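What follows is a set of notes on a single structure, which appears directly below.
Where a number appears in this text, it was derived from the coordinates with a stated rule and is not lab data. Nothing here was measured: the structure is a model prediction, and the numbers come from that model. Here Cβ is always computed from backbone atoms with ideal geometry, including for glycine, and neighbour counts include all displayed protein chains.
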Amino acid sequence: MIARICPLLLLATDAGPPENLSIFDPVSPPAFRIRDLLYLVLGVSAVIFVLVEGMLLYSIFRFRHRESDGVVEPPQIYGSKPIEIAWTLAPLLIVFVLFLVTVRSVAEVRPSEPPKGAMRVKVVGHQWWWEYEYPGLGFKTANELHVPIHTPIDCDLQSADVIHSFWIPRLAGKTDVVPNHPNRMWFQPLEANLYLGQCAEFCGTQHANMMIRVVAQAPEDFEKWVENQKKPAVNDPAVRTGRELFLSQACVNCHTVHGTSAAGTFGPDLTHLMSRDTLVTGMVPNNREELRNWVRNPDTIKPLSLMPNMHLTDRQVDSIVDYLLTLK
Ligand code: CUA
């Protein structure tokens, strides 16, 4: 609401979901807690601001120099016990209350134990994409995190290279993703929707293109998605040429396609590539045209990404893309 009135406050826009990235529009308990704390701090600060500025302005005008005053210095008054006590105790009390509320908020946003009944997801930040592993379910995916609504999601945050930061404003506060130092965070979407987020720590030239997509689904839709993700890759005989070409290239050093010999782990798991709506961390829609651009020369979409230009011929690119398009 406030973000709509004052767009400078945040990234929020008038656009509805999923472009809504406003922390003032939470849909998950930690995000509610953070917003409420912000409102409280803003409110207290506003009252102090109005009081102090009000007294200042009043004094400036009420006691300003007048011609009739002559040049005499105004009376100098030192020390008033009641005032000294009041302006020591009042801030102390305010700071103490804010401290207590902050401690309570931190305990809720970052509990020492995962919330009851939480689903664990391992989130690995890479330059510049996100890997999501579902340890309880036995598969990995990339860039589009699917979760069931009303279930606490306990994220185990790890980095494969540099410091990233995992931030989906409507679901939870940002948490740094630090190499060799696993962090945890949790959220619990209360509405089915697509929630967008963003890597919030500068991690290299493509930091701004390290976007986050969380697809919160009704439990039955999530189950359907899980069932599909658990299957090995589709093996369509019509694209045998493309599959063999893919498996003969260096693609297999970085990508996994379950049910084939491709078992690389540096890049995203492609077993169910076509179940994702976007490519390249949400930069472009996942379709034939963008797949062709990406496979032919990744630099046209994301310069300096670790996906190399394989210098394939147009026919080879088409053949590999035909194969990739079957990986539903
Ligand atoms: Cu990853 Cu910024």
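What whole number of Å gives the distance from the Cα centroid of the range 104-132 to the Cα centroid of the range 252-328?
28
By counting other Cβ atoms within 10 Å of each Cβ, how are Asp69, Asp269 ranked from fewest to most? Before the final figure, lay out each step's value.
Values: Asp69 11, Asp269 23.
Final ranking by Cβ density, sparse to dense: Asp69, Asp269.
Return the FRET efficiency for the residue pair Met274, Glu191: r is the Cβ-Cβ distance, R0 is 25 Å, and the value is rounded to the nearest 0.05.
0.45
When the helices in the chain are scored as -39500 (n - 2.57) per DSSP H run of 4 or longer and the sum is shared across all residues, what 222 nm value do you end up with, to the nearest 500 deg cm²/dmol?
Calculated at 222 nm, the ellipticity per residue is -11000 deg cm²/dmol.
For helix 81-109, what angle does its Cα long axis make with the longest principal axis of the chain, in degrees from 0 to 90 and rounded to 10?
Result, in degrees: 10.
Ranked by Cβ crowding within 10 angstrom, fewest neighbours first, how are Met307, Met55 ordered?
Result, fewest neighbours first: Met55, Met307.
Rounded to the nearest 10 degrees, what's the angle between the helix 314-324 long axis and the longest principal axis of the chain, both from Cα atoms, 0 to 90?
Approximately 80 degrees, to the nearest ten.
What ³J(HN,Hα) values, in whole Hz, does the Karplus curve 6.51 cos²θ - 1.76 cosθ + 1.60 give for the range 49-56 when θ = phi - 60°, with x put for Gly and Pro?
4, 4, 4, 5, 5, x, 5, 4
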